[in-house]
Amino acid sequence: MMNFDINSILIPVMIASGFLAMVSGIGFILSSFFAFRAQINQSMNLDLEIIHVSKKERKEEMEGKRMQEAWKEEIGAMEQLLTALSSIKSPGSFLTRLMYGSPCISFEIANSVKSEEIIFYMAVPRKYKESIEKQVHSFFPHAVIQKTKDYNI
């Protein structure tokens, strides 16, 4: 009978698994480094916009309708806007989309102590700024969009 030595199988398997662990560890470190750099790059290329949606101009329109119907229309318009914005994809190769992901658009609602007007802050990538502004104006024609600097609460 042949003597079977288990070490002749385990040693190459251990070497191969150690090599795979080292390569995957280096891959994870590099991918996290490049992903962090891509996130920083993406956040530095954002413009901050203020969207004023004034209720004063629209009171005449709402007087004829019931308030509940007006709210439903506004919610529907916002839903359509968010659906349209979610369809924005960055052009480029598969590797570029994998590295940078889809463009990020951020909305924030703010209410100043001095006034009762609700203000929306919107952070958009610079290269999509015009198309996103057109989308906002198409769903909210009375909205006023202004570029602003960073803000404090």
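The values are calculated or read from the model by the stated rules, or taken from the named source; none is laboratory data. Because the structure is a prediction, the values reported are computed rather than measured. So basically every Cβ, Gly included, is an ideal-geometry build from the backbone, and we count neighbours across all protein chains shown. Note: accessible area is taken over every heavy atom of the protein model, side chains too, but ligands, DNA and RNA are not part of it. Shrake-Rupley method; radii C 1.70, N 1.55, O 1.52, S 1.80 Å.
The table that follows gives values for the structure above.
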item	result
Most fluctuating residue given options Gly25, Gly76, Gly101, as computed from a GNM of the chain linking Cα atoms under 10 Å	Gly25
From phi via Karplus (6.51, -1.76, 1.60), per-residue ³J(HN,Hα) for the stretch 132-142 in Hz, x at Gly/Pro	5, 4, 5, 5, 4, 5, 6, 8, 10, x, 8
Listed values [x] 15.6; [y] 16.3; [z] 20.1, entry calculated as Kirkwood radius over Cα pairs in Å	[z]
Rounded percent of accessible protein surface that carbon and sulfur make up, the chain, 1.4 Å probe	63
Candidates Glu116, Glu130, Glu74, ranked by Gaussian network fluctuation over the chain, Cα under 10 Å, top entry	Glu116
Residue pairs, from the table Lys72/Lys149; Lys72/Lys129; Lys127/Lys147; Lys114/Lys147; Lys72/Lys114, whose Cα atoms sit over 25 Å apart	Lys72/Lys149; Lys72/Lys129; Lys72/Lys114
Per residue value of the accessible surface for the stretch 64-153 (all protein chains in place, 1.4 Å probe), Å²	76
10 Å Cβ shell holding at most 11 others, DSSP loop, chymotrypsin sites (Phe, Trp or Tyr not before Pro): longest site-free stretch of the chain	5-150
